[in-house]
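Here is the structure we will look at.
Read-outs: derived from the displayed coordinates by stated rules, not from any lab. Keep in mind that what you see is a predicted model, and the values were worked out from it rather than measured. Please note: Cβ atoms are built from the backbone with ideal geometry, for glycine as well, and neighbour counts cover all protein chains shown.
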């Protein structure tokens, strides 16, 4: 995975470069409770005196480093762990989310897991999610255990949409393979490994360009997939810029 070489704007004592996040989440819909464990693997553990992460609106239950209890402090939206000269940092957390949809850009990720929330620190994520029977968790990225050829188009349309809204959304989303041709011809190959969209049953009135799987409001017109797909190239370019 590409890593930007832009200067790291993390707080003093940081210098963190996260290589991987492993998020094990449990969302209980009836009680509206989210709990889980976040495990972070720094790429540079030997050079860290402490780790400073962004985390808002969640309660921290415990923190461990390399399996041993660690000192930590959580205040003013920051979780500080130290000393941190080990390879794996594990945080147990819980909260009661306002809903079951997450629109993280530009700064919503710290409301769901502890993260080094700076554009220059790109990292891989594994996100298993347990939800009640009859419901489905949908995220960006690639579902594990699925072997596909070419560029997979993975869409999710809320089953509670009206028949008219559902048909309109499915018609608009069916344009994605054709809509890819223009930006590919103009800007080069599609910069990610999957494409698609999520259409929710709500009235936000806008779509948000969450990477590889934009989250759309109830009404999806033909122009929405075209607009959201264009973000993929500019998204990639923002990370690829040299300092």
Just report the Cα centroid separation between the range 211-232 and the range 181-196, whole Å.
14
Ranked on Cβ counts within 10 Å of their own Cβ, fewest leading, 116, 227 go 227, 116
What FRET efficiency do you get for residue 41 and residue 163 if R0 is 35 Å and r is their Cβ-Cβ distance, rounded to the nearest 0.05?
0.15
Cα→Cβ-extended label distance, 7 Å offset, between residue 32 and residue 49, nm
4.3
Across 5 Å bins from the origin, how do the percents of Cα pairs in the range 149-210 run, short distances first?
4, 14, 24, 24, 16, 10, 6, 1
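How high is the FRET efficiency from residue 135 to residue 206, r the C-beta distance, R0 25 Å, rounded to 0.05?
About 0.55, to the nearest 0.05.
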